Amino acid sequence: MTQIISCGYAGTLESSDVLIQIEPCETIEIVLVSSVEELYGDDIKALVHRVLEKMGITGVKVDINDKGALDYVIKARLQAALLRAMTDGNTPDWSLL
């Protein structure tokens, strides 16, 4: 199990990008704000759950502000934010990816 020890973020609010903010939490909580939430909200949340499962994270709050990002952008931003939140300024463990 991987521990989230601080807050982290990655991304921007530019068109076709996503801003993801991470903070420690007891359970998995996903808050999604997206212009395409009605169409793709369930898919975005499923992608987030897959990444969290692969990285062994069981407790985190994920705030997602999506501006129409593609799946691979969401995944990359999420991984970057998680690694930043797990390392607290130290070198990330890239083998988790």
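Odds and ends about this structure:
- Test: residue in the stretch 29-40 that is of a type in the set (A, V, I, L, M, F, W, C) and either in contact (Cβ under 8 Å) with a residue 40 or more places away in the chain or part of a loop (DSSP other than H, G, I, E, B) (or both): yes
- Residues (at pLDDT below 95, hydrophobic (A, V, I, L, M, F, W, C) and over 9 Å from Gly11 (Cβ atoms)) located in the stretch 70-82: Leu82
- Considering residues of the stretch 29-42 that are surrounded by 12 or more Cβ atoms within 10 Å (Cβ to Cβ) and charged (D, E, K, R) only, the residue nearest to the chain's Cα centre (by Cα): Glu29
- For the stretch 1-28, taking the residues that are assigned to a loop (DSSP other than H, G, I, E, B) and buried (at least 17 other Cβ atoms within 10 Å of the Cβ), the one that is modelled with the lowest pLDDT is identified as Ile4.
- A single member of Lys45, Lys67 is under 18 Å from Thr12 (Cβ atoms) and surrounded by 13 or more Cβ atoms within 10 Å (Cβ to Cβ), and it is Lys67.
- In the stretch 16-42, the residues that are more than 11 Å from Asp66 (Cβ to Cβ) and not aliphatic (A, V, I, L, M): Gln21, Glu23, Pro24, Cys25, Glu26, Thr27, Glu29, Glu38, Asp42
- Against the criterion of being part of a strand (DSSP E or B) and touching a residue at least 40 places away in the same chain (Cβ under 8 Å), Ile64 qualifies.
- Qualifying residue in the stretch 45-57 (condition: more than 13 Å from Ala69 (Cα to Cα), within 13 Å of the chain's Cα centre (by Cα), at pLDDT below 95 and acidic (Asp, Glu)): yes
The values are calculated or read from the model by the stated rules, or taken from the named source; none is laboratory data. Fair warning: this is a prediction, and the values are worked out from it, not measured in the lab. Every residue, glycine among them, receives a Cβ derived from its backbone with ideal geometry; neighbour counts consider all protein chains shown.
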